[in-house]
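Bear in mind these aren't lab numbers, they're just calculated from the coordinates by the rules spelled out. On a predicted model such as this, the values are computed, not experimentally measured, just so you know. Cβ: placed from backbone, ideal geometry, glycine included. Neighbour counts: every protein chain shown.
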Amino acid sequence: MNTVAVHNGKFYNEDMDINTGNSPTLKRVAEAINKQRKDAGFSQAKLASELGVSQPLVSHWEHGKLYPAIDHIAKMEKLFGLEPGALFISMAY
């Protein structure tokens, strides 16, 4: 289970820097989505359309501002031609 801390009225995950709000895990998620999207030849707008979300939401994922929902990760894996769970594995490294 992740430890959550509160600092200056904001919640932080155990892997987040409370001074910057940056999370190494969130950064890996962002990089993995960006790489796989580009490798698949999708624009952010095209990926958003295929997932039924807005382009700004995809941008937030790729800039490490938000985590995508698990169902969106599963759909991205399918769209990118990845095995189930492959995007999770690429996020870990």
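What net charge do the residues around Gln55 carry, taking every other residue with its C-beta under 12 Å from that of Gln55, with Lys and Arg at +1 and Asp and Glu at -1?
0
Among residues other than Ala30 whose Cβ falls under 10 Å from its Cβ, what is the net charge (Lys/Arg +1, Asp/Glu -1)?
Spelling it out: positives minus negatives among the neighbours equals +2.
Taking Lys46 as the anchor, which lysines have their alpha carbon closer than 27 Å to its alpha carbon, excluding any fewer than eight residues away along the same chain?
Excluding near neighbours in sequence, the set is Lys27, Lys35, Lys38, Lys65, Lys75, Lys78.
Work through the residues other than Pro84 whose Cβ is under 15 Å from its Cβ and net out their charges, Lys, Arg +1 and Asp, Glu -1.
After counting each charged neighbour, the total is -1.
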